[in-house]
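Chemist: My questions will all concern the structure given below.
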Amino acid sequence: MIFVIAEQRDGKMNRATWETIAGAQQLAGSQTPIAVLVPGGRGLSAAANEIAAAQVKEVITLEHDALALYTPDGFTAALQAAIAELAPTHVLLPHTYQARDFAPKLAARLDRAIITDVTGVKSGSPSTGSGQALFTRPMFQGKLTADVAPLGPAPHFVTFQIGAFRVDQAARGSSPAPVRAMTATIDASAIRQKPEAPFQQAKQAVDLSQAARIVSVGRGIKEQSNITIAEQLAKALGAEIAASRPICDSGWLPMERQVGSSGQTVAPSLYLALGISGAIQHLVGMKGSHTVVAINKDPDAPIFEIADYGIVGDLFEIVPAMIDALKS
């Protein structure tokens, strides 16, 4: 069996969980059953019923008062016991901030291999030609990729990069999957952390990985005052504003708005790139977008190589026309 560890907050499922289910379905093929484990406090039925729409064997809620607020000690203890009881071959997680915190700890506790930030799944070992699954992950800030085979006994832990799979790639079942509850085994006195509200870098901090639409600006915006035009387009689209690294390095937008290898990885349904050339460090962060629209004066800009729609022209002429059209 393949386990997917879902991530939810206040009963709302993180969309990255659906992306991970899509990856699990590719890994499983038609033979291996998939179970989704939903850890948390009481009242997980809404999140469990949402994820039960996926084509999986079952959904298991793992409830305990100590899991109501996230702590690495609490999640590690609860998941360790569940994994020991259910004995999956793989444990898959979305590569979120939370999973990055506890997944290595959990894998180390069980003395099992973990492969992080995976972008794809292949079958066959490069050395033996066997049917063992290979996991593709970026190396050296996305300058190349490697196919990695986990060694040692099961289960093997894998975290999937945000945007590696799309939400709409996750197959839905013809009927809801069965949902059952499992009581977590936790010694609350052994939890060393005191839960607090989730960290935010600034008041206006935003998790761009959850955005359905993004308007992103690059050097072509020319100066900070011109960002207003991008913000107007974002408002008209109901989108979040984002930027390439030079914009954030200059202080024109907060660092939490940066997309790329040293910023956030995003996978919106629409990514509108204004004046972004498309350096590899930026493409790594947004290549999972469903539809990419690029506006750039340079017809040879690398961004056009991955764009679904490209407009060669002056963004200061094109964007106001787009805003007028959207308003009308």
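The values are calculated or read from the model by the stated rules, or taken from the named source; none is laboratory data. None of these values were measured; they are calculated from a predicted model. Using ideal geometry, Cβ is built from the backbone for each residue, glycine included, and neighbour counts are taken over all protein chains shown. Note: accessible area is taken over every heavy atom of the protein model, side chains too, but ligands, DNA and RNA are not part of it. Shrake-Rupley method; radii C 1.70, N 1.55, O 1.52, S 1.80 Å.
Chemist: From the C-alpha coordinates alone, can you work out the Kirkwood hydrodynamic radius of the range 35-171, in Å?
Modeler: Computed over Cα pairs of the range 35-171, the Kirkwood hydrodynamic radius comes out at 16.2 Å.
Chemist: Of all the accessible heavy-atom surface of the range 142-250, with the other protein chains kept in place and a 1.4 Å probe, what percent is carbon and sulfur?
Modeler: Carbon and sulfur: 50 percent of the exposed surface of the range 142-250.
Chemist: If contacts are Cα pairs under 8 angstrom and at least 6 residues apart, what is the relative contact order of the chain in percent? Working shown, then result.
Modeler: Details: 723 pairs, mean separation 51.2, N = 328.
About 16 percent, as a whole number.
Chemist: Mind checking which helices in the chain clear 18 Å along their axis (Cα) and have mean Kyte-Doolittle hydropathy of 0.0 or more, DSSP H runs only? Please report the intermediate quantities before stating the final value.
Modeler: Working: long enough: 15-28 (20 Å, -0.16); 72-86 (21 Å, 0.71); 97-110 (21 Å, -0.37).
Counting only whole DSSP H runs, the qualifying helices are 72-86.
Chemist: Taking only the alpha carbons of the chain, what extent do you get along each of the three principal axes, in Å, biggest first?
Modeler: Taking max minus min along each principal axis of the Cα atoms, the chain gives 61, 47, 39 Å.
Chemist: What FRET efficiency comes out for A108 versus Q55 if R0 is 30 angstrom and r is the Cβ-Cβ distance? Round to the nearest 0.05. Walk me through the intermediate numbers first.
Modeler: On the way: r = 32 Å, r/R0 = 1.07.
Efficiency, rounded to the nearest 0.05: 0.40.
Chemist: Given H placed 1.01 Å from N in the peptide plane, which residues other than close sequence neighbours of A242 have an amide H under 5 Å from its amide H?
Modeler: Answer set, sorted by chain and number: V215, S216, V217.
Chemist: Where in the range 264-328 are there trypsin sites (Lys or Arg not before Pro) that are in a DSSP coil and have at most 14 other Cβ atoms within 10 angstrom of their Cβ? Don't jump to the answer; show the numbers that get you there.
Modeler: Details: sites: K287, K297, K327; in loops: K287, K297.
Passing sites in the range 264-328 are K297.
Chemist: Based on C-alpha coordinates, I'd like the Rg and Dmax of the range 161-267, in Å.
Modeler: 19.6, 56
Chemist: Skipping prolines and chain starts, which residues have an amide H placed within reach, meaning under 5 Å, of the one on Q8, given they are 5 or more residues away or on another chain?
Modeler: N14
Chemist: Taking all protein chains in place and a 1.4 Å probe, what share, in percent, of the accessible surface of the range 1-117 do carbon and sulfur account for?
Modeler: Carbon with sulfur: 47 percent of the solvent-accessible area.
Chemist: Next question, about the same structure. Arranged from highest to lowest average of other beta-carbon atoms within 10 Å per residue, in what order do the peptides 171-177, 153-159 appear? If you can, show how the numbers build up before the last one.
Modeler: On the way: 171-177: 12.0, 153-159: 21.3.
Ranked by mean Cβ neighbours within 10 Å, highest first: 153-159, 171-177.
Chemist: Suppose each label sits 7 Å from its Cα in the direction of the beta carbon; what would the D187-A236 distance come out to in nanometres?
Modeler: Going by the 7 Å Cα→Cβ label model, 6.2 nm.
Chemist: May I ask what percent, to the nearest 5, of DSSP beta bridges between residues of the chain are antiparallel?
Modeler: In the chain, DSSP labels about 20 percent of beta bridges as antiparallel.
Chemist: So, one more: For the range 1-102, run through the trypsin sites (Lys or Arg not before Pro) and keep only the ones in DSSP coil with at most 14 other Cβ atoms within 10 Å of their Cβ.
Modeler: Here the sparse-neighbourhood loop sites are R42.
Chemist: Mind listing the phi-derived Karplus ³J(HN,Hα) values for the range 45-56, rounded to whole Hz, using 6.51, -1.76 and 1.60 with θ = phi - 60°, and x for any glycine or proline?
Modeler: Listing the rounded values in order: 4, 5, 5, 5, 5, 5, 6, 5, 6, 6, 7, 9 Hz.
Chemist: When N counts the residues of the range 225-281, how does its alpha-carbon radius of gyration compare numerically with 2.2 N^0.38 Å, as a ratio?
Modeler: Against the empirical 2.2 N^0.38 Å value, I get 1.08 for the range 225-281.
Chemist: Separate question: So, for the range 1-155, what is the accessible surface per residue at a probe of 1.4 Å, expressed in square angstrom?
Modeler: Per residue, the range 1-155 has an accessible area of 42 Å².
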